[in-house]
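Here's the structure we're looking at; comments come further down.
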Amino acid sequence: MDTIIKPISEFHIESFRRAFDKVVKEGKYFGSLDAPTLESFSAKVRKNIEDRNPHFVATHAGEVVGWCEVVRLNKPLFHHVGIFEVGLLPEWRGQGIGRPLITATLDAAFERGFTRIELTVFASNTRAIALYEKIGFNKEGELIDAVYIDGVFSNSILMGLINR
């Protein structure tokens, strides 16, 4: 399956929103269960583009099948820090797309002066944690009972990647 990894553009917004909505509806990886309205979602993507936040998509036949972004913290003492997010449609997981998508995004982040990238991942998502560790992220802490899914509390892992 041929995919193309490239920086997001306004052209991708609707397809990206559909992909995001499908992944969040799984209820396993993100803190929300539905994508925001197209209007607010579009505004967020346009802001990422305007702010030059690294934001890449993986596309197949013109449709977004995965994404990765690093959003800069806009506070003077934390301007070097970015918050990392990645997602792939279920049918595209395990296809070798995640690592190059993440690498492209992190390379762009470091080129733009980020020196610390942070993420939070559900402790149950061991596959993602293993991938993040292979890429160079380190576990920095654990949030106890941070997630409540289907009546069950679970933990989240804080991870960071430093590039100075």
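Every number in this text was worked out from the coordinates using simple rules, so none of it is lab data. Just so you know, these numbers come straight off a predicted model, no measurement behind them. Using ideal geometry, Cβ is built from the backbone for each residue, glycine included, and neighbour counts are taken over all protein chains shown.
Observations on the structure shown:
- Ranked Glu14, Glu69, criterion: other C-beta atoms within 10 Å, fewest first: Glu14, Glu69
- Under a model in which nothing but the beta-carbon of Lys, Arg (+1) and Asp, Glu (-1) is charged, the range 4-117 shows a dipole of about 280 debye around its Cα centre.
- Gain on full stretching of the segment that runs from Asn163 to Arg112 - 0.36 nm per residue minus C-alpha separation: 17.2 nm
- Added length on full extension, which subtracts the Cα-Cα distance from 0.36 nm per residue, Glu63 to Arg46: 4.3 nm
- Fully extended contour minus Cα-Cα distance, from Val147 to Glu26, at 0.36 nm per residue: 42.1 nm
- Each part gets one Cα centre, and for the range 130-159 versus the range 21-87 those centres are 19 Å apart.
- Judged by the ratio a/c of the largest to the smallest principal axis of the C-alpha gyration tensor, the chain counts as rounded, that ratio being less than 1.5.
- Put in order of Cβ neighbour count within 10 Å, fewest first, the listed residues Ile144, Ile49, Ile102 become Ile144, Ile49, Ile102.
- Shown is the FRET efficiency for Ser154 and Glu91, computed with R0 = 25 Å from the Cβ-Cβ distance and rounded to the nearest 0.05: 0.50.
- Here the residues Ser32, Ser124, ranked from fewest to most Cβ neighbours within 10 Å of their Cβ, fall in the order Ser32, Ser124.
- For Ala123, residues with placed amide H under 5 Å, excluding near neighbours: Asn155, Ser156, Ile157
- Förster-model FRET efficiency, 30 Å R0, Lys139 and Asn74, C-beta, rounded to 0.05: 0.70
- Relative contact order computed over the chain (Cα-Cα under 8 Å; 6+ residues apart), in percent: 19
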